[in-house]
């Protein structure tokens with residue numbers, strides 16, 4: 001990795017300086033850029049995030065830096081990876097965090113700048129988010145009978161640790177009004193929709209009517225299979241949580257399957273939903289050891305803890321543009 005001089009790190013520099021100091025090489029790298037102290041604006045500094053994917057070539061990192069710095073913005077962090085699964089067409093991935101003065105770099109100009117960058121490199125992806133000035137992503141949570149993942153997501157959302165707007169909860173089970181979940185939803189004015197989906201009638205049109213405007217969906221133990229038609233019509237990402245380290249222990253009763261198999265390492269997997277059951281690109285996996293001393297009950301409790309943590313992490317990473325899907329079933333996750 002090429003080291004950057006102090007002057008590079010401590011100044012807001014021109015594109016010419018960037019190109020002379022930064023040389024992108026086709027290998028994995030992670031570089032932290034401290035904020036420049038010399039440009040203190042009287043206006044509020046906002047935090048931006050840019051995710052980028054394109055065919056690999058020399059100079060991409062420098063051009064991204066130049067795009068940001070020429071508007072008087074300061075790069076905080078750059079995470080870069082070059083994937084060589086296809087040796088003839090390696091792919092470049094980057095996630096860049098920066099701070100900027102919106103009076104110097106209005107959002108419409110920022111969008112134009114990153115769009116030009118996308119065209120220059122024939123990029124598949126060039127997405128920018130400014131979380132402080134944009135509404136949170138809208139989600140719906142689909143759930144069946146089990147509450148732990150739903151409850152944990154709601155509580156962390158209440159604490160501001162899940163940066164989304166929960167528009168509604170959809171379930172194929174009725175919940176009594178005087179329960180913890182229903183009281184929480186009523187207090188925060190989050191609608192609860194009972195849709196009696198089952199294997200004989202999935203009621204997918206009704207669900208689509210409820211979730212069609214959501215930015216993405218979260219399945220917090222929704223025990224119905226979404227059809228290929230549903231996935232096609234909805235057309236956006238869906239995040240699911242699964243007990244165990246996929247592809248093991250698919251389908252019904254995964255705790256019991258794993259317990260009876262005598263496993264010594266349990267886990268949870270958050271993944272995107274595709275037509276293949278539990279076969280979507282993996283976002284996060286978490287593990288914990290178990291032993292012969294565990295009962296089925298303690299086994300399930302440990303599993304539920306992992307599932308809650310793994311799901312919330314996936315939601316947060318998605319909102320922070322840390323996840324890039326590629327190659328059908330793989331992901332780049334900048335953690």
Do we find a residue being closer than 22 Å to residue 135 by Cα and either exposed (fewer than 12 other Cβ atoms within 10 Å of the Cβ) or touching a strand residue (DSSP E or B) at 6+ places or on another chain (Cβ under 9 Å) (or both) anywhere in region 226-234?
yes
Within region 241-261, the residues that are within 16 Å of residue 308 (Cβ to Cβ), touching a helix residue (DSSP H, G or I) at 6+ places or on another chain (Cβ under 6 Å), modelled with pLDDT under 80 and not in a loop (DSSP other than H, G, I, E, B) are 255
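For region 86-198, which helices (runs of 4 or more DSSP H) that fit wholly inside it have 2 or more residues that are within 30 Å of residue 52 (Cβ to Cβ) and at pLDDT 95 or above? So that I can check it myself, show each step before the final result.
Details: elements: 107-120, 148-158, 180-187.
It comes to 107-120, 148-158.
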Failed item in (1) over 13 Å from residue 141 (Cα atoms); (2) surrounded by 14 or more Cβ atoms within 10 Å (Cβ to Cβ), with residue 187 passing the rest
(2)
Let me spell it out: the conditions are (1) buried (at least 17 other Cβ atoms within 10 Å of the Cβ); (2) in contact with a helix residue (DSSP H, G or I) (Cβ under 8 Å, 6 or more places away or on another chain); (3) at pLDDT 95 or above, and residue 214 meets all of them except one. Which number is the exception?
(2)
If you scan region 171-184, which residues turn out to be surrounded by 13 or more Cβ atoms within 10 Å (Cβ to Cβ) and under 29 Å from residue 227 (Cβ atoms)?
171, 172, 173, 175, 181, 182
Kindly evaluate residue 264 against the criterion of being touching a strand residue (DSSP E or B) at 6+ places or on another chain (Cβ under 7 Å) and modelled with pLDDT under 95.
yes
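Report whether or not residue 305 is in contact with a strand residue (DSSP E or B) (Cβ under 7 Å, 6 or more places away or on another chain) and in a helix (DSSP H, G or I). Full working, then the answer.
Values: in contact with a strand residue (DSSP E or B) (Cβ under 7 Å, 6 or more places away or on another chain): no; in a helix (DSSP H, G or I): yes.
Criteria not met by residue 305.
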Conditions first: (1) in contact (Cβ under 8 Å) with a residue 24 or more places away in the chain; (2) more than 24 Å from residue 225 (Cβ to Cβ); (3) in the same structural domain as residue 224 (by TED's automatic domain parsing). Residue 148 passes all but one, so which condition is the exception?
(2)
Of (1) in contact with a strand residue (DSSP E or B) (Cβ under 8 Å, 6 or more places away or on another chain); (2) in the same structural domain as residue 311 (by TED's automatic domain parsing), residue 127 fails just (2)
What is the number of the single condition among (1) in contact with a strand residue (DSSP E or B) (Cβ under 9 Å, 6 or more places away or on another chain); (2) surrounded by fewer than 19 Cβ atoms within 10 Å (Cβ to Cβ); (3) assigned by TED's automatic domain parsing to the domain that holds residue 318 that residue 99 does not meet?
(3)
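The values are calculated or read from the model by the stated rules, or taken from the named source; none is laboratory data. This structure is a prediction, so every number in the text was calculated from the model and none was measured. Using ideal geometry, Cβ is built from the backbone for each residue, glycine included, and neighbour counts are taken over all protein chains shown.
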